[in-house]
Each structure stands twice: as structure tokens, then as C-alpha cells.
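The values are calculated or read from the model by the stated rules, or taken from the named source; none is laboratory data. Because the structure is predicted, anything quoted here is derived from the model rather than measured. Because the Cβ atoms are built from the backbone with ideal geometry, glycine has one as well, and the counts that use them run over all protein chains shown. All accessible areas refer to the heavy atoms of the entire protein, side chains included, with ligands and DNA or RNA removed. Shrake-Rupley method; radii C 1.70, N 1.55, O 1.52, S 1.80 Å.
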Amino acid sequence: MTGRTWAYVGTVLGGLASLAANVAHCFVAPAGAPLGWRPEAGAVVAAMFWPLALFVAVEILIRTEWPAGKWWWLARYGGVLIVAVVAAVVSYRHLSALIRHYGEDGLTSMFGPAAVDGLMVMAAAALLASSDHKPPSPVAVKEIHVIEPAPRINGAIPSGVVR
């Protein structure tokens, strides 16, 4: 398999792990919850949003042929950075709380989620590095026709020469 294929495997694996952890975290009953408690459907849907938003943002980043220019650069990298940071923080907190709920120690719950986020960052960077986009093409310049002056002989235009 190629590096690009492995990058997609890493993206999908990281995304599925993040998705599963976010959803599983919704099913951890809050303290004092009544017997038979279930999370609201909206909480489950919202938990799924973060990893999916990150996946879509990375795909937009990689697959769009962005024009040159500082504002396009800012839109491209600033936009994906905002989505990535928010998704990483929310997903990290969900996965960390889930790991603590399952009885793991503090060190594991602190560093375990970083492996998921790190995998997704590395996979996204590999996809970006292996992207087959060409650099933005320069602005097209129309062909310019130079009109030369009519030939002159002793200061006069010879007969039969079209001006």
C-alpha cells in the first residue's frame, strides 16, 4: 500500500475511534441519573458532529484547488485550524472522560486521547503532502499584437502599402 493509502486508513481509523468515543461518552450516565436513563438523541447526534466536521474540513483543505493569495491562505488554513482545534478539544475531553469512566488511571486518560488526535493530524498532513494539486496557475495574459508602422522611403509611404 502507498503512503497516501495509509494516510486514508489513519484518517478513517482515527475518525472512527473518535466517533465511537464521542458517542460512547454520551451513554455514560451522569451522577444521580435514574435507573434506565438514556442520553437524548440530540446529544448523540451532537457528539458525532466533531469528528465528522474535522474529516470534512480536512477533505476540503486537500481537495480544493485554492487560488493564490494571502486571504485564500488564511481562509484555507485558518478555517481548518479552527475546526481542528475545537474538534480536538471536545473529542479529547469526551475520550478522556470515557477512559476514566472505564477505570483507567489518570496518566492513561490524559495521554490516551492524544494518540487518536495525533493519528488524525499526521494522516491529514500526509494527505496534504501527497495531494496531486498543481500550484495555482498565473493569471492568463491575452496575446498582444504589435502593429508596426508602415515603411517609409525618403519620409513618404510608398504607394500600394496599406496603412
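Counting only residues that are without any contact (Cβ under 8 Å) to a residue 60 or more places away in the chain and not in a helix (DSSP H, G or I), how many does region 56-89 have?
Residues meeting the conditions: 2.
Can you find even one residue in region 104-112 that is in contact with a Ser or Thr (Cβ under 8 Å, 6 or more places away or on another chain) and under 17 Å from LEU19 (Cβ atoms)?
Yes; the residues of region 104-112 include at least one that is in contact with a Ser or Thr (Cβ under 8 Å, 6 or more places away or on another chain) and under 17 Å from LEU19 (Cβ atoms).
For region 19-36, what are the residues that are at pLDDT below 90 and either part of a helix (DSSP H, G or I) or surrounded by 14 or more Cβ atoms within 10 Å (Cβ to Cβ) (or both)?
Within region 19-36, none qualify.
Filter region 65-74 for residues that are open to solvent by 90 Å² or more (accessible area, probe 1.4 Å) and either closer than 29 Å to LEU13 by Cα or touching a Phe, Trp or Tyr at 6+ places or on another chain (Cβ under 9 Å) (or both) and give the result.
Correct list: GLU65, TRP72, TRP73.
Residue by residue through region 1-11, note down the ones that are in a helix (DSSP H, G or I), aliphatic (A, V, I, L, M) and either touching a Cys at 6+ places or on another chain (Cβ under 9 Å) or loosely packed, with under 14 Cβ neighbours inside 10 Å (or both).
Listed by number, the list holds a single entry, VAL9.
Suppose we keep only residues that are among the hydroxyl-bearing types (Ser, Thr, Tyr) and modelled with pLDDT of 65 or more within region 113-159. Which one would you say is farthest from SER18 (Cα to Cα)?
SER159
May I ask you to list the residues in region 18-53 that are within 33 Å of the chain's Cα centre (by Cα) and aromatic (Phe, Trp, Tyr)?
Within region 18-53, PHE27, PHE49, TRP50 meet the criteria.
Out of ILE99, ILE62, report the one residue that is β-branched (Val, Ile, Thr), open to solvent by less than 50 Å² (accessible area, probe 1.4 Å) and under 20 Å from VAL44 (Cα atoms).
ILE99
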